[in-house]
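I have placed the structure first, in the form of structure tokens, so that the comments after it can refer back to it.
Please treat every number below as a calculation from the coordinates, not as lab data. From a predicted model like this one, the values you see are computed outputs, not experimental measurements. Please note: Cβ atoms are built from the backbone with ideal geometry, for glycine as well, and neighbour counts cover all protein chains shown.
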Number of protein chains: 2
Amino acid sequence: MGAPPPGSTDAPPRDAAPLVRPAARTVPPSTVARLPGYLRALAEVEAQGVRTASSDALADVAGVSPAQLRKDLSFLGSHGTRGVGYDVAHLRGQIGVVLGLTRQRPVVIVGLGNLGHALANYPGFTERGFVVVGLVDADPHVVGTQVAGLRVEPAERLADVVREGGATMAVITVPAGAAQDVCDRLVAAGVRGILNFAPRALQVPDGVDVRSVDLGSELQILAFHDQARSMS
Amino acid sequence: MGAPPPGSTDAPPRDAAPLVRPAARTVPPSTVARLPGYLRALAEVEAQGVRTASSDALADVAGVSPAQLRKDLSFLGSHGTRGVGYDVAHLRGQIGVVLGLTRQRPVVIVGLGNLGHALANYPGFTERGFVVVGLVDADPHVVGTQVAGLRVEPAERLADVVREGGATMAVITVPAGAAQDVCDRLVAAGVRGILNFAPRALQVPDGVDVRSVDLGSELQILAFHDQARSMS
């Protein structure tokens with residue numbers, strides 16, 4: 001463990017020991033993708049009053065193998081203490097620093113249909129370090145309504161909403177046919193990270209990240225296995 | 001191309017040539033995960049009136065490399081015709097058969113908060129081969145309400161709802177603390193494929209598949225890259 005101060009287990013993670021962020025390029029993408037799960041697992045055991053956890057215990061809660069967890073955390077310079085384990089609060093703070101969650105990150109949602117509406121009200125975003133600062137929709141019946149305490153702005157104000165909110169991240173929940181245009185306009189306005197729910201592959205320039213969540217695809221992948229079982 | 005009949009491009013995919021499903025074990029999981037994207041790309045080009053598409057064109061719409069697409073489709077026995085490409089309708093039908101989408105598959109949703117409510121009304125499920133046959137919630141204020149034309153049933157009726165709907169797939173949109181219990185009860189009722197939106201790793205027995213979509217994690221992974229850029 002990278003020298004947690006004596007009092008760190010009592011302090012909230014963001015106030016914990018000064019933490020050094022490893023160079024982003026030293027953390028493999030597959031490890032980055034698992035860090036939120038570790039953060040979740042740490043919050044879970046911390047809520048149960050646990051202050052020090054073994055890699056076996058943490059891995060069990062996170063749903064990975066202990067070897068995987070130890071390897072991933074070693075990229076962060078966290079190795080735990082033999083026979084004691086990881087300091088839960090310190091490790092939580094450390095992963096938060098690595099993920100850039102030391103401040104609330106502003107996010108804009110474009111598309112206030114059922115899904116966009118649900119995401120605007122999703123407590124899991126707030127709890128995980130994000131704040132929705134702007135909502136945009138193209139439908140004149142939706143523009144001007146209040147969702148999650150924010151006024152829905154018209155499509156032509158998209159760039160203003162992004163800039164006014166200081167957002168570099170956005171969520172796209174528009175129909176597939178509109179997604180690329182919305183994406184292009186978000187990128188032009190300065191957005192660099194996009195969570196895309198439209199069932200359409202988006203083209204973005206270098207330096208912009210897209211993560212796509214296609215809910216229909218997820219069910220189709222499950223259907224494959226379901227069918228495979230029923231035929232075997 | 002595996003001998004499409006002359007008229008197959010005019011027929012809807014499900015009525016196309018008799019199609020043989022390859023043994024599930026011959027299709028690698030990473031390929032299975034990309035098949036829904038190919039299905040989406042095929043529907044997209046078909047809607048534009050395209051009947052035959054090159055691997056380059058399809059790969060571009062699907063957002064993968066042409067080599068990847070050709071390799072994935074070769075596991076299905078589809079190799080296209082040199083200089084002509086793939087028969088769009090036939091390939092669509094073939095992937096549908098592989099994914100088990102030749103009939104609408106019934107799905108139960110447990111947890112009718114904002115997200116469950118949005119998913120119950122999500123057109124992307126219906127369009128992609130699924131029909132929501134049952135809704136369950138533990139909140140007495142929600143039980144008995146109508147969502148997407150269905151009555152929300154109480155938690156104690158979960159197994160009945162699964163059996164009455166003939167569902168072997170379910171979506172979990174309950175709070176993290178309730179997710180494992182709901183999962184256990186779904187599995188006991190015969191569910192074999194679970195799409196989990198609760199931010200909690202679920203334990204399931206062999207023969208049950210879970211795909212987890214953790215929306216907070218997706219944003220956190222984007223935040224890592226966003227922060228990495230701003231620091232470089």
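Once you have the alpha carbon radius of gyration of segment A:13-99, what is it after dividing by 2.2 N^0.38 Å, with N set to its residue count? Kindly include the intermediate steps, with their values, before the conclusion.
Numbers: Rg = 11.7 Å, N = 87, 2.2 N^0.38 = 12.0 Å.
The reported ratio for this selection is 0.97.
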Considering only the label points, 7 Å along Cα→Cβ from Cα, what distances in nm to one decimal separate A:Pro123 from the same position in each other copy, shortest first?
-> 3.2
Mean separation of Cα contacts under 8 Å, 6 or more apart, over the residue count of segment A:13-99: relative contact order % = 49 percent
Which residue is it, in chain A, that holds its beta carbon closest to the axis of the A-onto-B rotation, and how many whole angstrom away?
-> A:Ala118, 2
Cα-only radius of gyration and Dmax that characterise chain A, units Å | 20.3, 62
Run through the other copies and list how far each one's label point is from that of A:Gln68, in nm with one decimal, shortest first; the point sits 7 Å from Cα along Cα-Cβ.
-> 2.1
Cα centroid separation - segment B:77-141 against segment B:200-229, whole Å | 21 Å
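Considering only DSSP beta bridges whose two residues both sit in chain A, what percent are antiparallel, to the nearest 5?
Numbers: 5 of 26 bridges.
The antiparallel proportion sits near 20 percent.
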One would report the Cα pair-distance distribution of the protein assembly as shown, bin width 10 Å, in %, as 4, 19, 27, 28, 18, 4, 1, 0
Going by how many other Cβ atoms sit within 10 Å of their own, how do B:Val162, B:Val45 line up, fewest first?
-> B:Val45, B:Val162
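Scanning chain A for trypsin sites (Lys or Arg not before Pro) in DSSP loops with at most 12 other Cβ atoms within 10 Å, what's the longest stretch left with none? Please report the intermediate quantities before stating the final value.
Numbers: sites that count: A:Arg82, A:Arg103.
In chain A, the maximal stretch lacking such sites is A:104-232.
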Report the one residue of A:Ala67, B:Pro106, B:Val133 whose Cα lies farthest in the direction of the positive end of the charge dipole of the protein assembly as shown (charges on C-beta: Lys and Arg +1, Asp and Glu -1; origin at the Cα centre).
-> A:Ala67
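Let me make sure I get this right: for segment B:105-218, a, b and c are the square roots of the gyration tensor eigenvalues over alpha carbons, sorted descending. Under 1.5 in a/c it's rounded, otherwise prolate if a/b > b/c, else oblate. Which is it?
Numbers: a/c = 1.21, a/b = 1.17, b/c = 1.03.
Because its axes are fairly even, with a/c under 1.5, segment B:105-218 counts as rounded.
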What's the angle, to the nearest 10 degrees (0 to 90), between helix B:88-98's Cα axis and the longest principal axis of chain B?
-> 40 degrees
Which angle from 0 to 90°, rounded to the nearest 10, does the C-alpha axis of helix B:176-188 make with the longest principal axis of chain B?
-> 70 degrees
In nm, what does the list of distances from B:Ser30 to its counterparts in the other copies look like, shortest first, when each label sits 7 Å along Cα to Cβ?
-> 0.9
